Structures are given as C-alpha cells and as structure tokens.
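Student: After the structure tokens below, expect a handful of questions from me.
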Amino acid sequence: MTIDVLTSANSEQWWNFFHRLPENCQHIHFTPDYHKVLEANGDGQARLFVNVQGDSLFFYPFMLRKINQIGDRQIDLDYQDITSVFGYTGPLIVNSSDKFFAASQNALLEYLDSQNVISEMIRYNPIIKNHKNYTAPGLKNEAVKEYVYIDLPNDPEDLSKVYSSRLQTYLNKADRMEFDVKFSRSKKDVDEFFELYYQHMQDIDVDNYYLFNDAYFDRLYKLIKNHGYLIFSRKNGQILAGLIFLEYKHTSYYHHGARNTDVDNSGLVNKYLFHRAFVRQIDKGLKNCLLGGGASDSPEDSLLKFKKFFTNRSSDFVVGKRVVDRQKYDRIISL
C-alpha cells in the first residue's frame, strides 16, 4: 500500500495518477493544471491525496485552506479546512474493496489530523456522479441544486432535436444578424474577453468571489491554451459576447461567459455562440458538456432557465460535508 500527498508542484506525478483513472473519470477539474488556476486566486493550497494498492486507487484532490478570519474578525488559531476546488471533483475510487476503502479513509483522516483540519466540503462531479459510491464515516451528502448538461449527438444537425422550439426561433433570428464569430486562444482576444467578463460581473452585481484576481486570469489563460478556447462575436470592431469552455477528452465545461449589455440583441448573439460551440464539440468527438446551474437554488432561477433552452438533461449537484474535529470545530462556531 502506497499513500502519498502531492502538491501542484508535483504536476508530473499528479498527472501520472490522473491517467490511471478510468477514461470516463478523466475530467479537467481533477488535473493539477486546473487546481493551479484556483491556487493563483488564493483559494488555498492544492493537494492530491492518493492511496494505491495493486489495481486499487483512491484519488482525492482538494484545496487546503487556513482559517484565519471569521467575518471581519481575525483569529489566531492554527486551524485549517479542506474544500473541493471551484468546479466539480470529489474523491474517486477505482477497483476498491471494503478493506481498501477503510484503509484509505483511516489514512486520510490521519493526514487531516496532522494538518489541524477541522472540516471538509466536497463538490462532487454531476457527470460522473461519484457521490453515489462515496459514503465515508461522518460524511453527509446533500443535493443542493439542479445542474444542466447536454448529451452531444453524433451529428450537429441533430442538435435541433435537443433544443427547445423557442431556442430554434432565437437561433434563426441570430443567424440573420451581421456579426463575426471567432474561436481563439490568442492572448489579445482572451484578455479582451476577461475585461468584458469583469465589467459584466460588476454590472450584474455578483458575489465578490467571482471578481477573480489578475493571477487567476493569467493562470486560466495558460489552461485555455492547452485545454480550452474562447468563442466570441464582434461587430464593427466591438466585442458583443464571449464564452470560455474547458475540455478534456470526452467532456466540455462551460467555464465563463459575458456579454456587452449596452449592445442591442447581445443576448441573441450569446445563444448563438453556445450553439456554435456545441457544433465544434461534436466535430471534435466530445460526448457531453456541463453548463452548470443557476445563480440560486430556485427552479425558477433565470440563469437555470436560460441553460435549459439547450437541453432537458439535468443532474443533482451534490455537496458532501463532514466535521473532522468536533472539538475544534465547535470552538470556531462559538466564535
């Protein structure tokens, strides 16, 4: 039995373990390159906890975070927590027996204790649905909202069978408009999109977390160059809307989107860009694309309804929570 904890600096070893996963589990959010993006944003220190015994593999990436503030209050306690990266990961277990799983859990809890970790939060992957075979002691899994994904057909012509009839009307109208569409990985184009994204997030008054820092965008661009792309539209030299997709092998993820709300019909252009992106993904042989959920957990959420224009397929977004050290956790709660 081999137990190891890797950091993002151990990228080569991390990738080696990643490639031991079944192909259906090889998603971009499990990679060290993706974790480096959120590490640059200050979300914590990326870690990969692995246990290997023969063909059995326990693979669990997460962010290790210091707890140094509660609200506006600074605290002087050497406590930490762990949380899944912003995205969709969670533990993966390959060829496991009850004995191997128990040994992996014991080793994980010993590591968390050595790091003064008091709590754990897992964002499971809605495509893999890895919450179904992960029932660790003390862990509570809970479906928190609906996430939308599209099963990509083999032929782009069949997308019309997936789309809502209302969306078809919008796409036909957008098709008659005059604007340029471009797929790009150029630094100039991506930087221009980032500026549009930042402005759009401020316009719609999102949580401050989504106003990512410059280091995040720099690292995200490096990821886009190898595992993603920007699709955007322009008219008369002005960018109208743009979308960033990340992908690996069979699955694509809609990562960021923004549009120029000062331009008439930018919403139509936005819908058209999604369509063009799906056509590209089908041409590349991808099988599905996760669009995500709404801005809230309401089934009437406007963003959720927008994403449902493209598909009637959805899955629960499941979160796992566990108190690792009850005494220290209660001390934090009391503060």
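The values are calculated or read from the model by the stated rules, or taken from the named source; none is laboratory data. In this text, all values refer to a predicted model and were calculated from it rather than measured experimentally. So basically every Cβ, Gly included, is an ideal-geometry build from the backbone, and we count neighbours across all protein chains shown. Note: accessible area is taken over every heavy atom of the protein model, side chains too, but ligands, DNA and RNA are not part of it. Shrake-Rupley method; radii C 1.70, N 1.55, O 1.52, S 1.80 Å.
Student: Pick from I224, I244: which is open to solvent by less than 10 Å² (accessible area, probe 1.4 Å), part of a strand (DSSP E or B) and modelled with pLDDT of 95 or more?
Tutor: I244
Student: (1) over 19 Å from N141 (Cβ atoms); (2) buried (at least 19 other Cβ atoms within 10 Å of the Cβ); (3) hydrophobic (A, V, I, L, M, F, W, C): which one isn't true of I70, the others all being true?
Tutor: Result: I70 fails condition (2) only.
Student: For the condition under 23 Å from the mean Cα position of the chain (by Cα) and either surrounded by fewer than 18 Cβ atoms within 10 Å (Cβ to Cβ) or of a type outside the set (G, A, S) (or both), what is the one hit in D155, D151, D180, D175?
Tutor: Only one candidate passes the filter, namely D151.
Student: Give the number of residues within the stretch 85-123 that are touching a Pro at 6+ places or on another chain (Cβ under 9 Å) and open to solvent by 50 Å² or more (accessible area, probe 1.4 Å).
Tutor: Final tally of qualifying residues: 1.
Student: Please count how many residues of the stretch 1-37 are touching a Leu at 6+ places or on another chain (Cβ under 9 Å), free of Cβ contacts under 8 Å to residues at least 60 places away in the same chain and outside any helix (DSSP H, G or I).
Tutor: 3
Student: Oh, and also: Just to be sure, is L290 surrounded by 22 or more Cβ atoms within 10 Å (Cβ to Cβ), touching a strand residue (DSSP E or B) at 6+ places or on another chain (Cβ under 6 Å) and more than 18 Å from L159 (Cα to Cα)?
Tutor: So L290 fails the test.
Student: Restrict the check to the stretch 313-326 and report whether at least one residue is among the β-branched types (V, I, T), surrounded by 21 or more Cβ atoms within 10 Å (Cβ to Cβ), over 28 Å from S184 (Cα atoms) and within 20 Å of the chain's Cα centre (by Cα).
Tutor: yes
Student: Within the stretch 124-143, track down each residue that is in contact (Cβ under 8 Å) with a residue 12 or more places away in the chain and open to solvent by 50 Å² or more (accessible area, probe 1.4 Å).
Tutor: Matches in the stretch 124-143: K129, N133, P137, G138, K140, N141, E142, A143.
Student: If you go through the stretch 2-14, how many residues are within 18 Å of the chain's Cα centre (by Cα) and surrounded by fewer than 17 Cβ atoms within 10 Å (Cβ to Cβ)?
Tutor: Matching residues across the stretch 2-14 total 0.
Student: Can you tell me how many residues within the stretch 191-221 are of a type in the set (S, T, N, Q) and assigned to a loop (DSSP other than H, G, I, E, B)?
Tutor: Matching residues across the stretch 191-221 total 1.
Student: What do you reckon, is A40 touching a residue at least 60 places away in the same chain (Cβ under 8 Å), over 27 Å from S315 (Cβ atoms) and within 17 Å of the chain's Cα centre (by Cα)?
Tutor: So A40 fits the description; yes.
Student: Under 9 Å between Cβ atoms, which residue pairs at least 6 apart in sequence (or on different chains) link something in the stretch 192-203 that is surrounded by 15 or more Cβ atoms within 10 Å (Cβ to Cβ) with a partner that is part of a helix (DSSP H, G or I) and of a type in the set (A, V, I, L, M, F, W, C)?
Tutor: Correct list of pairs: F194/F217; F194/L220; Y197/F217; Y198/F217.
Student: Specify which of the listed residues (L304, L268) is touching a Gly at 6+ places or on another chain (Cβ under 6 Å) and assigned to a helix (DSSP H, G or I).
Tutor: When all the criteria are applied, what remains is L304.
Student: Please give the number of the condition D98 fails out of (1) on the phi > 0 side of the Ramachandran plot; (2) without any contact (Cβ under 8 Å) to a residue 12 or more places away in the chain.
Tutor: The number of the failed condition is (1).
Student: Could you tell me which residue of the stretch 32-57 is surrounded by the fewest Cβ atoms within 10 Å (Cβ to Cβ), considering only residues that are of a type in the set (V, I, T) and in contact with a strand residue (DSSP E or B) (Cβ under 7 Å, 6 or more places away or on another chain)?
Tutor: Going through the qualifying residues, I end up with V52.
Student: Then there's this: Look at L273 and say whether it is surrounded by 16 or more Cβ atoms within 10 Å (Cβ to Cβ) and either over 21 Å from the mean Cα position of the chain (by Cα) or at pLDDT below 95 (or both).
Tutor: no
Student: Counting just the residues of the stretch 227-241 that are open to solvent by less than 50 Å² (accessible area, probe 1.4 Å) and farther than 12 Å from S266 by Cβ, which one comes out farthest from the chain's Cα centre (by Cα)?
Tutor: I231
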